[in-house]
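Everything below concerns the one structure shown next.
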Amino acid sequence: MTRNRNMKIAAVVAFLTVVFIAVPTAISSSGRFDLYYTLTSVALLSIASAGVWLTFYIGRINIGQGAYALMGGYVSAILVMNHGWSFWPTLPVAGLFCAAASVLIGLPILRLRGVYFAMVTLVLTEVARLLALALPITNGAKGIVSIPLPGALTVFGVPLIPDFATLQNSRLAFYLLAATVMVICFVVMYRLVNSRIGKLCQSLQQNEELASSIGVNIAYLRVIAYAVSSFFGGVSGAIFAAISQSIYPSSFTVTDSVNFMLNCFLGGLGYVFGPMLGTLVLYFGWDLLFQTGQFQLLIYSGLMIVLMLVLPNGLLSLSEMTRKKG
């Protein structure tokens, strides 16, 4: 027991060292500062994918996370541009707005299961895009542009985060922001899954009728899980809008929602950190296949099918398979 605990602590320390020390040092030494944007994107996509994974955990196929990422981006951008808010308070507000919206949407649709729930959530992203095109506050197809970089964050007069506009390398600042939020997100996920509520949520995945028969409030758990999932989507969308300094109705599409789901499948639906690994592999894998030209999508699809057949439980199941063989 103690050995396993020490191994987990060592793995966490190693991961944090790589993310916050080794990666910035390597990029600084190589001069490849463009990699900051790439790794920031991976971190943000991991956060959104983590929310999708959570809905899988309660036995629902969620293909609508792009809708909440788009909502979060617009909420943050509107508060900053139209109401003069600092970026930092808009971050939790965007997440809470998406969580509240998901409760209203989820109450009726979470009763659906399987392909029916998936079809409804698939429509959500397109509905969000059409709303962004139609509503005057979102500025239609023109979107919201020239969003200022995040300003300084001070608490009781003590500066915690400097103004990004004054930094020599704002890409590094955004990378550290995205990586920090990603770490917090997965810590919350890990604690949630290993808590009493997490065990009850897992029972919904296995047999909802049985869980209900022993007194589990399945409707409450479904809504809570979906709200947390949407919160993550909203936060990732808000940071995306700040990094790109713009948000458009097409910033998050149905394709993005599908990719969030694929990240979870590839990493492993049975592992909390599956979405993180799946996002990393898919993001860089797609870029590597760019050299194949017109065959990029064909090779990408073929490899995905092979991986799903060989590793139906995701890439993280490799360690478990190796352990069993040993």
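Before moving on, here are some points about what is shown:
- What the phi angles of the range 72-88 give under the Karplus curve with 6.51, -1.76 and 1.60, with θ = phi - 60°, is a coupling list of x, x, 5, 4, 4, 5, 5, 5, 6, 7, 8, 10, x, 6, 6, 4, 4 Hz, glycine and proline written as x.
- Ranked by the mean number of other Cβ atoms within 10 Å of their residues, highest first, the peptides 170-176, 236-242, 263-269 fall in the order 236-242, 263-269, 170-176.
- Residues of the chain: accessible area per residue with a 1.4 Å probe, Å²: 52 Å²
- Per-residue [θ]222 nm for the chain (sum of -39500 (n - 2.57) over DSSP H runs n ≥ 4, rounded to 500): -24000 deg cm²/dmol
- Each principal axis of the Cα cloud of the range 71-154 was taken in turn, and the coordinate range along them, longest first, works out to 45, 31, 15 Å.
- Across the range 33-43, computed HN-Hα scalar couplings (Karplus, 6.51 cos²θ - 1.76 cosθ + 1.60, θ = phi - 60°) run 5, 5, 5, 4, 5, 4, 5, 5, 4, 4, 5 Hz from first to last residue, x flagging Gly and Pro.
- Taking a quarter of the surface of the Cα convex hull of the range 146-246 gives a mean projected area of 8.9 nm².
- Estimated vicinal HN-Hα couplings, Hz - the range 167-177 in sequence order (Karplus 6.51, -1.76, 1.60; Gly, Pro = x): 7, 5, 10, 6, 5, 5, 4, 5, 4, 5, 5
- Over all Cα atoms in the range 215-326, the spread is summed up by Rg and Dmax: 17.2, 56 Å.
- Stokes-Einstein diffusion coefficient of the range 171-223, Kirkwood radius over Cα pairs, 10 °C, 1.306 mPa s, in µm²/s: 124 µm²/s
- Rounded Å value of the spacing that divides the Cα centres of the range 139-190 and the range 22-51: 14 Å
- Among the protein heavy atoms of the chain, carbon and sulfur supply 69% of the accessible surface, probe 1.4 Å, non-protein parts ignored.
The values are calculated or read from the model by the stated rules, or taken from the named source; none is laboratory data. Just so it is clear, the model here is predicted, and its values are computed rather than measured. Backbone-built Cβ (ideal geometry, glycine too); neighbour counts: all protein chains shown. Just the protein is used for accessible areas: all its heavy atoms, side chains included, with ligands, DNA and RNA removed. Shrake-Rupley method; radii C 1.70, N 1.55, O 1.52, S 1.80 Å.
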